[in-house]
Amino acid sequence: MLGFVKNMVNGMDISPTGTEVGVITYSDRTHLEFHLNAHSDKQSLEQAISGIRYISGGTNTADALKYARETSFQTANGARNNAAKIAIVITDGKSTSTIATSAEAQRLRQQGVTVFSVGVGAANKQELDAMATDPDNSHVFVVNNFDALKQINGELAQKACEGMCIFSTE
């Protein structure tokens, strides 16, 4: 998973005026790894990604989406008015509340955030569709296992950047 995230950011112009990346992880609870404005260069960002540790527990996707909306995509934490706001939600299971997840994703999208959903293994396809901004236009990705994430890396990165990034996927 961390290799997938590192490869995604590898082709991006990471800078205060370029691409900013924030990461939250979640299980039963949401955990801030770092805000959008925490890392202004690629080396610092890649080191921060390497330091992310697995947290076990349930799958409270609704809480993570709410946190992203209320905290991550706020100006104080690095969100810029003139920049695209993109959330890539990766999940390997069904959320503890599909209804709450769908509602929180809708609120996030109403705030102007483009949502991509990535399901790994036993993820619920209906829930992935309900989260995504455009489930019919490749905003939903499904893979069988974490090793298969590398198969979608390039396509997801290109769609997320909408031509603003140059990617070299491995």
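The values are calculated or read from the model by the stated rules, or taken from the named source; none is laboratory data. Keep in mind that what you see is a predicted model, and the values were worked out from it rather than measured. Cβ atoms come from the backbone with ideal geometry, glycine included; neighbour counts cover every protein chain shown. Areas reflect the complete protein model, heavy atoms only, side chains present, ligands, DNA and RNA absent. Shrake-Rupley method; radii C 1.70, N 1.55, O 1.52, S 1.80 Å.
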Quiz item: Rank MET131, MET1, MET12 by accessible area, highest first, at a 1.4 Å probe radius?
Solution: MET1, MET12, MET131
Quiz item: Percent of accessible area on the chain owned by carbon and sulfur, 1.4 Å probe?
Solution: 45 percent
Self-check item: Given (1) 47, 31, 31; (2) 55, 35, 28; (3) 37, 34, 32, the label whose value is Cα extents along the principal axes in Å derived from this model
Solution: (3)
Quiz item: For VAL89, what accessible area in Å² do you get when you roll a 1.4 Å probe over the heavy atoms of the protein chains, rounding to the nearest 10?
Solution: 20 Å²
Self-check item: Net lengthening on full extension, ASN77/HIS31 (0.36 nm per residue, minus Cα-Cα)
Solution: 15.1 nm
Quiz item: Relative contact order for segment 21-166: what is it in percent, counting Cα pairs under 8 Å that are at least 6 residues apart?
Solution: 18 percent
Exercise. Would you check the chain for Lys pairs whose C-alpha atoms are within less than 16 Å, ignoring same-chain pairs closer than 8 in sequence, and give me the count?
Key: 6
Quiz item: So who's got an amide H within less than 5 Å of the one on GLU33, skipping anything under 5 residues away but keeping other chains? H placed 1.01 Å off N, in plane.
Solution: VAL23, ILE24, THR25
Quiz item: Using heavy-atom solvent-accessible surface (probe 1.4 Å) with all chains present, what is the largest-first order of ASP28, ASP147?
Solution: ASP147, ASP28
Quiz item: Taking the Cα centre of segment 43-170 as origin and charging only Cβ (+1 Lys, Arg; -1 Asp, Glu), how large is the dipole, in debye to the nearest 20?
Solution: 320 debye
Quiz prompt | Cα gyration tensor, segment 44-87 - rounded (a/c under 1.5), prolate or oblate | solution = oblate
Exercise. Please give the per residue accessible area of the chain, computed with a probe of 1.4 Å over protein heavy atoms only, in Å².
Key: 52 Å²
Exercise. Report the one residue of THR30, ASN124, LEU2 whose Cα lies farthest in the direction of the positive end of the charge dipole of the chain (charges on C-beta: Lys and Arg +1, Asp and Glu -1; origin at the Cα centre).
Key: THR30
